[in-house]
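The structure appears right after this line, and notes come after that.
The values are calculated or read from the model by the stated rules, or taken from the named source; none is laboratory data. These numbers were taken from a predicted model, which means no experiment stands behind them. Counting neighbours? That spans all protein chains shown, and the Cβs are built from the backbone with ideal geometry, glycine included.
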Amino acid sequence: MLPIGKGRSRAGLVLLAASLMAGTAPEALAQNFFGLFGSDKPSVSAQTVAYQLDITGLGGDDQALGAIRDVSTLYRLRLEPPQSGDELVRRAEADLPRIVDALWGSGYYAARASITIGGQSVMLERTLSASARAALDQLRGRALVPVAIVVEPGPLYRFGSVQVLEEHGQAPFSGDILPQRVVPVKAGEPARTSSVLNAAAELSDHFRDRGHPFVKVSRRVPIIDHRTQTVDLVLLVDPRARAGLGRTAVKGAQTVDPAVVRSFIYAQPGDPYSRRAVNDIRKSILRIEAIGGVRVREATALDAEGNLPLDVEITERLPRVVGGSVRYSTVDGPALKAYWAHRNLFGGAERLRFDADLFYFTGNQNWPGGSSRRGLNVDDIGGRLSMSFLKPALWGTRNDFLFDAYIQRELTNFYTSQLINVTTAIRHRFTDAFSMQIGLEGEIGRSVDPLRRVDYGLIGVPVSVTYDTTDRALDPTRGVRVTASITPYHGFGDAPDVFAVGKAQASAYYAIDDEARYILAGRIGLGSIVGGTLLDIPAARRFYSGGGGSVRGYDYKSLGPRDIFGNVIGGKSLLEASVEARIKVSETIGLVPFFDVGQAYASSYPDGSAPLRYAAGLGLRYYTAIGPIRFDVAVPLGRRPGERPYAIYVGIGQAF
């Protein structure tokens, strides 16, 4: 660095200008044409003093480098060059104290910094003369002025001792109130301001989760010892009063009945306050499809009972929605789906929805009575037309009324099924995670498979339970999800007089790291039919394995008991399992190696009479705001003659 005083002549700067014009003009001319390739250098202009910025002296400390960039006007406005040399120097003068503060905050408490502009140094104690500033104007339109932030960081200071004291008593907290693991700052770590702020936030969160909504980390007293190059840190914490949850007021409802919103708030006045309790209120209300946003505001003071009142501010969604999707797999073929829904039909968040799901069957039914494909054929079109209605919070309670009806034509390699189904049910929500449902179901239909044709009618009483603690519907990272149901049926026509169908599925999700970039996911599914025989049970009611959402890599519903001709006829029980490792390699891209296993059995329980079938594969995920787009390639293990060597699946959301 060559410092200059106020009396230094202008000749050196003029010579510098000549050398810059000769040495850097070609580079300036070679800049990106219109910046199409994202150049980080400004264009040379006759109206501005363009400059090229470097930051030197930090070695590999990316944290300190980022801190300097965050506070530096020279860096932030590097693509918006000033109109004069004086303005460029003023940017540098304003940057210097901020840069020194940033270095202190990064743990360099003996740091020094200067800024060179065209080889001339600007420091805290001295700057450029007016003539030197004016000389920079001669570079307009000729060359980029070299500007460098030169850092002499000195030693990196570390925390010597770290204490957390109760503010009033000035004594440490006991281990049961504040375990040592809660304090994220440890002696010997770099003494960065960000670490102190993180420690204060962690302490605040800890005490809020223990019922102290107004906790205050009131004072931080760092003691810097330049001799030992250490910083002793004392954090003073005032927990203040412990509180419970107070009364909740619903605000912002325009067309949705507030009583419906209140039915989805499971916390009661007097329940312990915590951050999780407040977040659970927000999460449960968002399950109402008519609600698009929820904000929970905490009061600034406790009520007379020592509880914290809450204001729940909701934002309603547009009532009508229409959408569609396209699906394709090399096993199941192409499919189209369209839907229309009204999310607040009568003002009580009632949801009415119509769905049309069509697919084209690309397989072959190579059995007597089955259809073999010969070109395009309308008989190979299947699908489902459905209507569903949900009335939540009957009379302001936690009981919901559900009505579902659908017409379906299903084609697989081993059966064709046509049916009409109507179900009505009442669901009771005990908590946001746990609910039970009971209903009445009626179905008439016809199924044709290698065993026989079954014309039947069914009346059933479905009973189910759901337990779900996952954090996201389409892309869970933590929690468990369990569903179990049993439906006793009375049959008419060719169906058994009495039989029952039971199903259960459980999945679990575990994030290895705090950012949920590495997730282990597992699923197990069970099914059983008690009563009747395979000959009498409609083909669509039997259990099969294989395909997307089951054992990937195999044809849809291609695993299960077979007849003497090798045709899959389905079973009376099912066992399936899957494991996945969901790995985020970037914010938008993820890889998912997976392993699936499953089989259906002729008996009413998985008795091992047939070997389990296995598949493995690798998936690609593209993460979007609505959920991940899934692309899976699966390979059957121990492939048998006639089975495909691989299968490809594309969809939205994780496989389970």
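Out of SER263, SER274, SER284, one residue alone is closer than 30 Å to LEU345 by Cα, among the hydroxyl-bearing types (Ser, Thr, Tyr) and touching a Gly at 6+ places or on another chain (Cβ under 8 Å). It is SER263.
In region 105-158, counting only strands (runs of 3 or more DSSP E) that sit wholly within it, the ones holding 2 or more residues that are out of contact with any Gly (no Cβ under 9 Å at 6 or more places or on another chain) and touching a residue at least 60 places away in the same chain (Cβ under 8 Å) span 112-117. Of the residues making up region 90-126, those that are under 18 Å from LEU53 (Cβ atoms) and among the hydroxyl-bearing types (Ser, Thr, Tyr) number 3. Residues of region 306-349 that are crowded, with 18+ Cβ neighbours inside 10 Å and touching a Phe, Trp or Tyr at 6+ places or on another chain (Cβ under 7 Å): LEU308, SER329, VAL331, ASP332. Is it the case that ARG453 is assigned by TED's automatic domain parsing to the domain that holds GLY333, closer than 28 Å to ARG630 by Cβ and among the charged types (D, E, K, R)? Against the criterion (assigned by TED's automatic domain parsing to the domain that holds GLY333, closer than 28 Å to ARG630 by Cβ and among the charged types (D, E, K, R)), ARG453 does not qualify. For region 512-552, the set of residues classified as surrounded by fewer than 17 Cβ atoms within 10 Å (Cβ to Cβ) and under 19 Å from GLY460 (Cβ atoms) consists of VAL530, THR533, listed by residue number. There is at least one residue in region 458-474 that is at pLDDT 95 or above and either within 18 Å of GLY570 (Cβ to Cβ) or of a type in the set (Lys, Arg) (or both). The test for being touching a helix residue (DSSP H, G or I) at 6+ places or on another chain (Cβ under 6 Å) and within 30 Å of GLY66 (Cα to Cα) holds for VAL185. The listed residues are ALA425, ALA393, and the only one of them that is in contact with a strand residue (DSSP E or B) (Cβ under 9 Å, 6 or more places away or on another chain), hydrophobic (A, V, I, L, M, F, W, C) and more than 23 Å from GLY502 (Cα to Cα) turns out to be ALA393.
Is one or more of the residues making up region 447-457 basic (Lys, Arg), closer than 28 Å to PRO641 by Cα and surrounded by 15 or more Cβ atoms within 10 Å (Cβ to Cβ)? No.
Listed residues ALA30, ALA50, ALA64, ALA113; which is modelled with pLDDT under 50 and either surrounded by 14 or more Cβ atoms within 10 Å (Cβ to Cβ) or in the same structural domain as SER131 (by TED's automatic domain parsing) (or both)?
Working: ALA50 fails: modelled with pLDDT under 50; ALA64 fails: modelled with pLDDT under 50; ALA113 fails: modelled with pLDDT under 50.
Exactly one of ALA30, ALA50, ALA64, ALA113 is modelled with pLDDT under 50 and either surrounded by 14 or more Cβ atoms within 10 Å (Cβ to Cβ) or in the same structural domain as SER131 (by TED's automatic domain parsing) (or both), namely ALA30.
Of the set (1) at pLDDT 95 or above; (2) more than 19 Å from PRO334 (Cα to Cα), all apply to ALA634 but (2). Among the residues of region 387-397, is there at least one that is surrounded by fewer than 17 Cβ atoms within 10 Å (Cβ to Cβ), assigned by TED's automatic domain parsing to the domain that holds ARG351, in contact (Cβ under 8 Å) with a residue 60 or more places away in the chain and closer than 30 Å to ALA277 by Cβ? Looking for residues that are surrounded by fewer than 17 Cβ atoms within 10 Å (Cβ to Cβ), assigned by TED's automatic domain parsing to the domain that holds ARG351, in contact (Cβ under 8 Å) with a residue 60 or more places away in the chain and closer than 30 Å to ALA277 by Cβ, one finds at least one in region 387-397, hence yes. Of all residues in region 300-311, one or more are under 30 Å from LEU352 (Cα atoms) and not assigned by TED's automatic domain parsing to the domain that holds PHE359.
Given the criterion among the basic types (Lys, Arg), under 26 Å from LYS572 (Cα atoms) and either in a strand (DSSP E or B) or in contact (Cβ under 8 Å) with a residue 60 or more places away in the chain (or both), identify the matching residue among ARG640, ARG644, ARG630, ARG621. Sole residue among the options that is among the basic types (Lys, Arg), under 26 Å from LYS572 (Cα atoms) and either in a strand (DSSP E or B) or in contact (Cβ under 8 Å) with a residue 60 or more places away in the chain (or both): ARG644.
For GLY348, are the conditions met, namely being more than 34 Å from the chain's Cα centre (by Cα) and outside any strand (DSSP E or B)? No, not satisfied. For region 242-259, a residue qualifies if it is among the small types (Gly, Ala, Ser) and part of a strand (DSSP E or B), and the qualifying residues are GLY244, GLY246, ALA249.
When you look at GLU305, is it touching a residue at least 60 places away in the same chain (Cβ under 8 Å) and more than 30 Å from ARG240 (Cβ to Cβ), yes or no?
Numbers: touching a residue at least 60 places away in the same chain (Cβ under 8 Å): yes; more than 30 Å from ARG240 (Cβ to Cβ): no.
When the stated conditions are applied, GLU305 does not pass them.
Looking at region 150-166, is at least one residue among the small types (Gly, Ala, Ser), surrounded by 13 or more Cβ atoms within 10 Å (Cβ to Cβ) and farther than 22 Å from SER106 by Cα? The answer is no, given that none of the residues of region 150-166 is among the small types (Gly, Ala, Ser), surrounded by 13 or more Cβ atoms within 10 Å (Cβ to Cβ) and farther than 22 Å from SER106 by Cα.
The set of residues in region 571-605 that are closer than 27 Å to GLN654 by Cα, assigned to a loop (DSSP other than H, G, I, E, B) and touching a residue at least 24 places away in the same chain (Cβ under 8 Å) comprises GLU587, THR588. Can you tell me which residues in region 580-599 are touching a Phe, Trp or Tyr at 6+ places or on another chain (Cβ under 8 Å) and farther than 15 Å from VAL551 by Cα? Once the filter is applied, which keeps residues that are touching a Phe, Trp or Tyr at 6+ places or on another chain (Cβ under 8 Å) and farther than 15 Å from VAL551 by Cα, region 580-599 yields ALA581, ARG582, ILE583, LYS584, GLU587, THR588, ILE589, GLY590.
Could you look through region 260-302, keep only residues that are assigned to a strand (DSSP E or B) and not hydrophobic (A, V, I, L, M, F, W, C), and pick out the one that is farthest from GLY246 (Cα to Cα)?
As a first pass, look at region 260-302 and keep what is assigned to a strand (DSSP E or B): 272, 291-298.
This time we only want the ones that are not hydrophobic (A, V, I, L, M, F, W, C), so: 272, 292-293, 295, 297-298.
Working: PRO272: 10, GLY292: 24, GLY293: 22, ARG295: 16, ARG297: 12, GLU298: 10 Å.
Per the stated criteria, the residue is GLY292.
Residues in region 190-211 that are surrounded by 17 or more Cβ atoms within 10 Å (Cβ to Cβ), under 14 Å from SER274 (Cα atoms) and touching a residue at least 40 places away in the same chain (Cβ under 8 Å): ARG208, GLY211.
Taking region 398-417, which residues are of a type in the set (A, V, I, L, M, F, W, C), surrounded by 15 or more Cβ atoms within 10 Å (Cβ to Cβ) and without any contact (Cβ under 8 Å) to a residue 24 or more places away in the chain? Break it down stepwise before answering.
The first filter runs over region 398-417 and keeps only residues of a type in the set (A, V, I, L, M, F, W, C), leaving 401-403, 405, 407, 411, 414.
From what's left, surrounded by 15 or more Cβ atoms within 10 Å (Cβ to Cβ): 401-403, 405, 411, 414.
Of everything in region 398-417, those that are of a type in the set (A, V, I, L, M, F, W, C), surrounded by 15 or more Cβ atoms within 10 Å (Cβ to Cβ) and without any contact (Cβ under 8 Å) to a residue 24 or more places away in the chain turn out to be PHE403, ALA405.
In region 430-455, the qualifying residues are those that are part of a loop (DSSP other than H, G, I, E, B) and in contact with a Lys or Arg (Cβ under 8 Å, 6 or more places away or on another chain), and the one that is modelled with the highest pLDDT is PHE430. Only one entry in ASP494, ASP475 is surrounded by fewer than 19 Cβ atoms within 10 Å (Cβ to Cβ) and acidic (Asp, Glu), namely ASP494. Among the residues of region 574-602 satisfying the criterion of being surrounded by 18 or more Cβ atoms within 10 Å (Cβ to Cβ) and among the charged types (D, E, K, R), which is nearest to ARG552 (Cα to Cα)? Only one residue fits best here, namely ASP596.
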